[in-house]
Amino acid sequence: MVSFDVASLYTNVPLTETIDIILKHLYDGHAKPPTISREDMKELLDLATKKSHFLFNGQLYDQIDGVSMGSPRQLNLVYTPTTPISAPSPTTDTVVLRVPYFGQLSQVYAKRIISVTNKSYPLKHIRLVYDVQERIQSGFTLKDQIPDPMQAGVVYEATCPQCEVHYIGKTFRHFKTRVHEHLNYQKQDVCFKKIEKSKHTVKRPRSIIKTPIERKGPITRSQTGKLPTRTIQTTQEDIGKLVKNPEILEKRIRQQTPKTAIAKHYDTTGHIFSNNDFAIRLKERSEIGNKKVARLIHCDAKTVRYWRTRWKETKDLSEKTQSGQPRSTTAAEDEMILNELEENENPTSVTITRDFKIKTVEISSRTVQRRL
Ligand SMILES: [Zn+2]
């Protein structure tokens, strides 16, 4: 067995090689390489990683090897403003301007903008926000994907291989655990039928049955407070009794009533499901923030917050003052659209509608467009 010290793994990242890899990733085989030249990028990366310093005990130190752990060192790669800076509108008093941050230059630029806007709009209050858009981090996936069977908190679909009946279920446990539960009944049943067919007598070994029994004398109770168990050995005679009494045997081998819908389907039709007939339809994701939703659907974060609070409090997303055409989606459907947004990083009205068709909810893509 080999074990690795994770603490030392981080600081031992070979910087030169890593920078070479980053450069290769950015410039070679990329349809659209960054606008700054390769040499400049290399120098920037060197600056940000190799030529760094830190403060410890009031003393400044130069870092000569590795990268300090947990440092929020992020490089501004390319600045691409998502929305063009708009001129202040006459209806708002405070105007927020986003300025790309490039150090001293940005500060000079910001001051100039403020002085210019102050002259044109003396009544407006200008607020400046320095903005970093693309971070190195965004180009890398930092976590390994969890394999499907180990996903927890999923909505899954089972399709009968023989009659195209669909079953939709939800589990908070691991996907494979739930699938195993679904298939357990039919597996045991198939097994039992095989035994019946082969007409083999089941020969039980001398088994040991554990039963809790009372004991004389003082009992030292274990931490669980249960009575201690004593093992008794079953004789051949006991087993003979068991085999002769078909009811006991039946109970022992045959399981009780099928519990899951898939087991019931198997019970009534005999259709056998396999692991491949199960598929994950929705994966649980942590809730995305208002800002992210706002960016996705191109509206204000305040608006998203408003609707989210409305949903939490009233479960109703209909507009209070009805104007224009009446809504064609119910509150529940709106919630589904929101869920879809959380699932889909970059949704369009068409993909959402397509996904809804799969879930047999009829909403036109125009409706989705209006909701977005
Ligand atoms: Zn079937």
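A short reminder: the numbers here are calculations on the coordinates, not readings from a lab. Everything quoted here is computed from the prediction, not taken from an experiment. Neighbour counts are summed over all protein chains in view; Cβ atoms, including those assigned to glycine, are modelled from backbone coordinates with ideal geometry.
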Among Lys111/Lys302; Lys176/Lys259; Lys143/Lys291; Lys176/Lys291; Lys24/Lys51, which pairs are too far apart, with a Cα-Cα distance over 25 Å? Lys111/Lys302; Lys176/Lys291
With Cβ to Cβ distances under 11 Å as the rule, what net charge do the other residues near Lys259 carry (K, R +1; D, E -1)? -1
Stretch Ile239-Ala261 to full length: gain in nm at 0.36 nm per residue minus the Cα-Cα span? 4.4 nm
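Just in segment 109-191: which GluC sites (Glu not before Pro) are loop by DSSP and have at most 14 other Cβ atoms within 10 Å?
Glu164
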Through the Karplus equation 6.51 cos²θ - 1.76 cosθ + 1.60, θ set to phi - 60°, convert the phi angles of segment 97-114 into ³J(HN,Hα) values in whole Hz; use x for Gly and Pro. 10, 9, 10, x, 8, 10, x, 3, 4, 5, 5, 4, 4, 5, 4, 5, 4, 4
In whole Hz, the Karplus estimates of ³J(HN,Hα) for segment 296-304 (6.51, -1.76, 1.60; θ = phi - 60°; x where Gly or Pro) are 5, 9, 6, 9, 7, 4, 4, 4, 4
